[in-house]
Structures are given as C-alpha cells and as structure tokens.
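**Student:** Below is a structure I'd like to ask you about.
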Amino acid sequence: MTQPTADALPQRRPGLYRRFYNWVLHWAYTPYSQPALALMSFAESSFFPIPPDVLLMPMCLGDRTRALRFALLCSVASVLGGMFGYWLGMQFWSAGLDQFCYRYVPGFSPEKFAKIQSLYREWDWVVVFIAGFSPIPYKLFTIAGGVFAIHFPMFVLASAISRSARFFLVAALLRIWGDSIRSFIDKHLGWLSIAFCVLLVAGFYLVKVVLH
C-alpha cells in the first residue's frame with residue numbers, strides 16, 4: 001500500500017489566534033500599514049490581544065530609515081490607548097465592563113485583578129512602568145489604573161516612558177542590524193525586558209528602604 005504524499009494529506013487549519021495573528025501581520029505589507037499600526041497600538045492598550053510589535057518589526061525591516069518614526073507612531077498611539085483604557089476602567093468597570101472583560105478579553109480574571117490591586121497599593125505608578133515595558137499585558141494595568149484611581153498624570157508619564165522605551169528599543173535594533181537581529185528579538189526580548197523590570201523593582205525597593 002502506497003503512502004500518501006504530504007500534499008495529499010489533509011492540512012490542519014491554523015488555530016483562531018494564529019489566523020488572527022496572520023491577519024494582523026498582513027497589514028504590514030499594504031499601503032495602510034501606518035494607520036493599521038496606530039490603530040492596533042491604540043487598541044492593544046485596552047482590549048486587543050496581539051501586541052503591536054507584530055506590525056512594528058516588519059515595517060521597520062521594510063524601511064529601516066523610518067524605523068524610529070514607526071516607533072514614535074506606535075508609542076503615541078499606545079499611550080493614547082492606555083489613557084482610553086484608564087477612562088474605561090474609571091467610568092464603566094462597575095457598570096458591566098468587568099464581566100465583559102472577564103468573559104471576552106484574554107488575560108482578564110477576578111484573581112488577576114485582585115493581584116493587580118495589591119500591586120498598585122504597594123508600588124502605585126511604578127507598576128504601570130513595568131507593565132508598559134515588559135511582556136505583561138499592558139491592557140490589564142491601564143483599565144485597572146482607572147478602576148483603582150491611580151494618579152492620572154503619573155500614569156500617563158509612566159506609560160509614555162515605558163511604551164516609548166520598548167518600541168524605540170525594538171526599532172533601533174532593527175534599524176542598526178536589520179533582519180539578522182529579528183530572531184534574537186523574537187526569542188529574547190521578553191526575557192530581557194523581564195530582567196530589566198526586576199532590576200528596576202529592586203532599585204525602587206532599595207530607594208524605598210533607604211528613604212524610609
């Protein structure tokens with residue numbers, strides 16, 4: 001009995017998340033890439049599940065001379081989206097937004113929100129800075145910032161610094177080294193950002209102990 005060829009075998013359809021990821025990625029190769037990057041960066045800060053790096057990286061590789069411009073666009077839109085998430089949390093969390101997020105938005109759960117509340121009590125805006133730079137879902141902390149009434153100017157400042165640091169780092173690496181650095185970013189950016197945030201928390205904790 002002959003074995004079926006690879007072409008004859010039924011192909012497994014990609015999962016829903018992967019198909020959604022591929023749909024987002026395809027915008028990088030259209031004339032609408034910059035509006036798509038801005039819209040996605042804005043939405044990811046409050047409800048969208050896929051990080052804007054998915055679009056930012058191929059756009060930077062496609063036109064390395066404008067990589068920093070793309071990072072700026074990504075950063076501004078992300079901070080505005082964070083402010084929108086803050087407003088949503090402040091205005092609508094107790095009016096049904098909580099149940100909607102728990103049911104439909106990836107990463108939300110009552111247990112995680114209780115943990116975030118305790119982090120905000122301990123660290124306040126520092127938590128926003130860490131979430132904005134690290135792989136932790138930023139949307140959790142923007143909406144929670146509004147729910148727990150974090151000081152808004154500090155929330156915006158921490159968001160602006162951390163989001164810009166993240167996206168400009170990615171853009172600068174791609175501008176300097178091009179496609180050769182992309183696999184390194186894919187594999188290690190998360191761990192590097194976590195290590196940076198651990199050092200940041202340790203530094204703030206040391207300052208807190210010294211000034212206590």
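**Student:** Could I have the simple spin-label model distance between Trp177 and Leu25, label points 7 Å from Cα toward Cβ, reported in nm to one decimal?
**Tutor:** Output for this residue pair reads 2.1 nm.
**Student:** Compute, for the range 31-211, the length of the dipole vector about the Cα centre, with Cβ point charges of +1 (Lys, Arg) and -1 (Asp, Glu) only. Units Debye, rounded to 20.
**Tutor:** The dipole of the range 31-211 has a size of about 200 debye.
**Student:** From the backbone phi of the range 166-178, what are the Karplus-calculated ³J(HN,Hα) couplings (6.51 cos²θ - 1.76 cosθ + 1.60, θ = phi - 60°) in whole Hz, Gly and Pro given as x?
**Tutor:** 5, 6, 5, 4, 4, 5, 5, 4, 5, 5, 7, 10, x
**Student:** Sort Met83, Met57, Met154 so the one with the fewest other Cβ atoms within 10 Å of its own Cβ comes first.
**Tutor:** Met154, Met83, Met57
**Student:** Please give the length that would be gained between Tyr104 and Gln34 if that part of the chain were fully extended, namely 0.36 nm times their separation in residues minus their C-alpha to C-alpha distance (nm, one decimal).
**Tutor:** 22.5 nm
**Student:** With a cut-off of 8 Å between alpha carbons and a minimum separation of six or more residues, what is the relative contact order of the range 31-211 in percent? It would help to have the intermediate numbers written out before the result.
**Tutor:** Details: 217 pairs, mean separation 51.4, N = 181.
Contact order relative to length: 28 percent.
**Student:** I would also like to ask the following. What are the residues whose amide H is under 5 Å from the amide H of Ser46, where those residues sit 5 or more places off or on another chain and H is modelled from the backbone?
**Tutor:** Excluding prolines and chain starts, which carry no amide H, there are no hits.
**Student:** Calculate the spin-label point distance for Arg66 paired with Gln117, positioning each point 7 Å from the Cα along the beta-carbon direction, and give it in nanometres.
**Tutor:** Each label point lies 7 Å from its Cα, and together they span 4.6 nm.
**Student:** Got a sec to turn the phi values of the range 143-160 into Karplus ³J(HN,Hα) couplings, 6.51 cos²θ - 1.76 cosθ + 1.60 with θ = phi - 60°, whole Hz, x for Gly and Pro?
**Tutor:** Each residue's phi maps through the Karplus curve to give 5, 4, x, x, 4, 9, 6, 5, 3, 5, x, 5, 4, 5, 4, 5, 5, 4 Hz.
**Student:** Okay, moving on. How large is ³J(HN,Hα) for each residue in the range 21-27, as worked out from phi by the Karplus curve 6.51 cos²θ - 1.76 cosθ + 1.60 (θ = phi - 60°), to whole Hz, x for Gly and Pro?
**Tutor:** 4, 5, 5, 5, 4, 5, 5
No lab work stands behind these numbers, since they all come straight from the coordinates. These numbers come from a predicted model, not from an experiment. FYI the Cβ positions are ideal-geometry reconstructions off the backbone, even for glycines, and counts take in every protein chain you see.
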